[in-house]
Amino acid sequence: MLRIPRGGGVARAYDYERLDSAIWTSADRMPVVGHVLAFDEDGGAIAMVDSRGAPRRVELRTGTVTDPPDVKLTALRSADGAAVYGVSSTGVVTRLTPTDTRPWTLRLPQAARDVAPQPDGSVLIVADGVGAVRLWRVHPPGTTLLDTLSLPHAEHLVRAAVGDRAYFASDSTLQPVRTRDLKPAPPLRFDRRIRAIAPTPSGDRLFIGLDSVSVLRVIDRYSGDENGAVGLPGPPSDLRMDSLGRYLLVRPARSPDSAWIVAVGTERVVGHVHTTWTADLPFIGVDGSVVVAQGSDVVLLDPQSLKVRRTVTDGAQDFWIPIRWSGFRPRAPGLDQPVTFPTTPVDSGDSILAAIRRSQRDTGLQPGPTPATTPPPPVVDSAQGKLGSGAAHTAGFTVQFAALLNPDSARARAAHIVADGQHARVVAAPRGGTMVYLVVLGPFATRDAADAAGRASGQLNPWVYEGAP
């Protein structure tokens, strides 16, 4: 659970089971959070929008936050937390990513007003035409318009994706469009204005709240037919779906500081709680608790009995961001050591060639021509922060079993090597202009530990050397 002070400040992460003890603290002060766009699990970063409407990226591995971009963007969206799309004041679509030196941009025949990035990397772009809405599909970084569609005037693109469908709402009509080819489906028409929409995580159903109607309509995504209804104590104004699809939170139109709890499986109201509605609270926790803001505290309630499970004193003073990530777990010390290039004879071109020939003899391969011996590459002087030619300090010892030119042969060899429950792995290493695939274990803290692992593997002539492969 990442918590950022609502007024901005140092962010802290907590194990959901122990919300009273932080396990991580940011290095930078965070800005005031407007809302969260998405979480990039691979990159370990949260894409969000600050209170001034600027996209920001919170890097959990370094505890830093990126500066706002130079260009002002609206309609900010992200499907994966890595690529953030927006629209400039002139209607140009812009994509921001952590690796792009320059933003990707696309100018269309008409000024764009909304975007909808898709999980497959494509993006839908919406523009207002004369009496109609224009819809395009592109796949960045390409700029070719893959598909085009013209629809009757729609007020907005519903910010909810259901399977491979995008939805456009216009008063009392909902127009589904298939995202992979922009093929429209028959529109869904209701007798009242559409107020809120929430899909289930699996995409099989769509819950729709209508203006001044005390019932939620349940639409089957595949047939487009209404296949259920949820009776409410009053009309809804907002819907918030549990990320695991167990419960739906409904904000009453006439009592905005409360929530009805709907069990998605039975499509029935099971509770009514007092809570302040913000961009982050209330929500359903991973354990099924209803996480609500009551006064200055955050309270976790049982969804059926509404009994208090836990109370976080002054928790409502933070913006809460639930994420699923293993990056806060302790890492082995060797994983975060700087890469160095030892200049000892064991890493010379001759020794590598000898290892290749030995492994080729073991696997029945014929040795190739002898490559020219090359001088060792420069090493990083950690004390000076510059490149030099002296020996660098290395941490740990590596056990090497083979150096092969064929990656498939290396992986096959590694699959049969186990020492004390640790499996060998394959490391690609350029040597003299040729890519060599090393089968290794480690690094180990001491040479004795490396030697013991080599003996435990049962392999002939394991090679132990200092440093990383």
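The values are calculated or read from the model by the stated rules, or taken from the named source; none is laboratory data. Fair warning: this is a prediction, and the values are worked out from it, not measured in the lab. Every residue, glycine as well, gets a Cβ built from its backbone with ideal geometry; the counts of neighbours run over all protein chains shown.
Summary table
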read-out	value
Strands (runs of 3 or more DSSP E) within segment 1-78 that include 2 or more residues in contact with a Phe, Trp or Tyr (Cβ under 9 Å, 6 or more places away or on another chain), closer than 27 Å to Trp104 by Cα and among the β-branched types (Val, Ile, Thr)	33-40
Subset of segment 325-341 that is touching a Gly at 6+ places or on another chain (Cβ under 8 Å) and either in a strand (DSSP E or B) or of a type outside the set (S, T, N, Q) (or both) - its residue that is modelled with the lowest pLDDT	Gly334
Test for Arg137: is it within 25 Å of the chain's Cα centre (by Cα) and either surrounded by fewer than 16 Cβ atoms within 10 Å (Cβ to Cβ) or under 30 Å from Ala198 (Cβ atoms) (or both)	yes
Selection from segment 286-306 of residues that are surrounded by 18 or more Cβ atoms within 10 Å (Cβ to Cβ) and among the polar types (S, T, N, Q)	Ser289, Gln294
Within segment 184-301, strands (runs of 3 or more DSSP E) holding 1 or more residues that are under 30 Å from Ile4 (Cα atoms) and hydroxyl-bearing (Ser, Thr, Tyr)	236-241, 247-252, 258-263
Options Arg165, Arg195; residue that is modelled with pLDDT of 90 or more and surrounded by 18 or more Cβ atoms within 10 Å (Cβ to Cβ)	Arg195
Hits in segment 52-66 - residues which are exposed (fewer than 14 other Cβ atoms within 10 Å of the Cβ) and touching a residue at least 24 places away in the same chain (Cβ under 8 Å)	Arg61, Thr62
Strands (runs of 3 or more DSSP E) lying entirely in segment 105-154 (those with 3 or more residues that are touching an Asp or Glu at 6+ places or on another chain (Cβ under 9 Å))	123-128, 132-138
Complete set of residues in segment 264-275 that are surrounded by fewer than 17 Cβ atoms within 10 Å (Cβ to Cβ) and without any contact (Cβ under 8 Å) to a residue 24 or more places away in the chain	Gly265, Thr266, His274
Unmet requirement for Ala259, which otherwise passes all of (1) under 29 Å from Asp15 (Cβ atoms); (2) touching a residue at least 12 places away in the same chain (Cβ under 8 Å); (3) loosely packed, with under 13 Cβ neighbours inside 10 Å	(3)
Within segment 1-31, considering residues that are of a type in the set (Gly, Ala, Ser) and touching a residue at least 12 places away in the same chain (Cβ under 8 Å), the one farthest from Val58 (Cα to Cα)	Gly7
Ser243 being small (Gly, Ala, Ser), at pLDDT 90 or above and either within 33 Å of the chain's Cα centre (by Cα) or exposed (fewer than 14 other Cβ atoms within 10 Å of the Cβ) (or both)	yes
Search result, residues across segment 438-453 that are among the aliphatic types (A, V, I, L, M) and part of a helix (DSSP H, G or I)	Ala449, Ala450, Ala452, Ala453
Of all residues in segment 112-134 being among the β-branched types (Val, Ile, Thr) and buried (at least 16 other Cβ atoms within 10 Å of the Cβ), the one that is modelled with the lowest pLDDT	Val133
Those residues of segment 407-422 which are free of Cβ contacts under 8 Å to residues at least 12 places away in the same chain and exposed (fewer than 12 other Cβ atoms within 10 Å of the Cβ), in sequence order	Asp408, Gly421
Where Arg137 falls short, out of the listed (1) at pLDDT below 90; (2) of a type outside the set (S, T, N, Q); (3) more than 25 Å from Arg56 (Cβ to Cβ)	(1)
Matching residues, segment 307-324, being crowded, with 16+ Cβ neighbours inside 10 Å and either part of a loop (DSSP other than H, G, I, E, B) or free of Cβ contacts under 8 Å to residues at least 12 places away in the same chain (or both)	Pro322, Ile323
Qualifying positions in segment 81-92 - in contact with a strand residue (DSSP E or B) (Cβ under 7 Å, 6 or more places away or on another chain) and surrounded by fewer than 19 Cβ atoms within 10 Å (Cβ to Cβ)	Ser88, Gly91, Val92
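Yes/no matrix, rows are residues, columns are (1) modelled with pLDDT under 95; (2) β-branched (Val, Ile, Thr); (3) more than 26 Å from Asp147 (Cα to Cα); (4) surrounded by 17 or more Cβ atoms within 10 Å (Cβ to Cβ):
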residue: Ala11; (1), (2), (3), (4): no, no, yes, yes
residue: Trp24; (1), (2), (3), (4): yes, no, yes, no
residue: Phe39; (1), (2), (3), (4): no, no, yes, yes
residue: Gln110; (1), (2), (3), (4): yes, no, no, no
